[in-house]
Amino acid sequence: MKVLVVGASGATGQLVVKELLSRGYHVRIVIRSIDTFPDEFFEHKNLSIIEASLLDYSNSELTFLIAGCNAVISCLGHNLSFKGIYGQPRRLVTQAVHRLCDAIKFAPNNNHVKFILMNTAGNSNRDHLEKISFAQKCIMGLIRLLLPPHVDNEMAADYLRIQLGQLDSCIEWSVVRPDGLIDDKEVTSYEIYTSPTRSAIFDAGKTSRINVAHFMAELISEEDTWRQWKGKMPVIYNKTYQK
């Protein structure tokens with residue numbers, strides 16, 4: 001199986017690549033600069049590294065890039081700097097998701113491709129009418145005004161949820177929502193929920209990046225896990241932090 005990972009140079013993306021390679025997958029990644037990627041990966045026989053800016057690719061180049069891939073994982077996000085938060089492109093994740101999905105549909109013999117998007121527990125799933133307090137709604141309204149990356153995350157998930165929906169003939173999707181990302185060296189016990197079990201603003205949980213990487217790989221590897229969470233927006237918490 002071949003998997004395309006975008007956002008692979010980020011803290012979570014690197015762990016996703018490492019987890020997939022450890023399971024024997026052929027992994028193709030697109031990164032802006034190879035200087036940002038650990039040297040330990042470069043000589044791995046199952047890894048193909050493409051140095052490019054994804055949004056600079058033409059439609060035909062994207063179609064060629066994605067041809068033959070059975071799954072796509074997006075760990076794209078905005079750098080936590082003034083330029084990263086307020087500079088262009090404001091809709092990095094949304095544009096990438098939209099264009100990658102179009103490329104999947106145009107690529108030959110690409111049927112039932114799995115698309116996994118890393119998102120955030122602060123983004124609610126409107127299909128499930130998730131309970132959000134009035135105070136949290138007010139804070140989220142301010143976040144939407146002040147932090148463009150949050151709106152980008154919402155729009156990217158909404159594209160999959162609304163535009164593709166549940167019955168697309170080419171693409172099946174899942175939006176993974178971690179809460180309070182932290183760094184751990186090893187995979188630990190974690191729990192998956194359909195909706196948040198705590199407030200992402202006033203009672204945030206913790207999720208290790210390595211657990212997110214493990215769960216994303218499980219979605220690709222285990223068909224029972226995929227059937228359970230496809231077309232949904234699972235929330236992941238480290239078990240030790242869960243009330």
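Only the coordinates and a few stated rules stand behind these numbers; no lab work does. As the structure is a prediction and not an experimental result, all values here were calculated from the model. Reconstructed Cβ throughout: ideal geometry from the backbone, glycine too, with neighbour counts over all protein chains shown.
Tabulated data
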| read-out | value |
| --- | --- |
| Whole-angstrom gap from segment 28-72 to segment 86-165, using each part's C-alpha centre | 22 |
| 5 Å-binned pair-distance histogram of segment 1-119 (Cα, whole percent) | 2, 11, 23, 25, 21, 12, 5, 1, 0 |
| Cα-Cα pairs of segment 2-241 separated by more than 32 Å (percent) | 15 |
| Among Cys138, Cys69, Cys170, residue whose mean-square fluctuation peaks in a GNM of the chain (springs only between Cα atoms under 10 Å) | Cys138 |
| Neighbour net charge for His78 - beta-carbon separation under 15 angstrom, K R +1, D E -1 | +3 |
| Straight-distance crosslink candidates among lysines, where the alpha carbon sits under 19 Å from Lys239 and sequence neighbours closer than 8 are dropped | Lys185, Lys206 |
| Highest-fluctuation residue, Tyr57, Tyr25, Tyr190 considered, GNM on the chain with Cα pairs under 10 Å | Tyr57 |
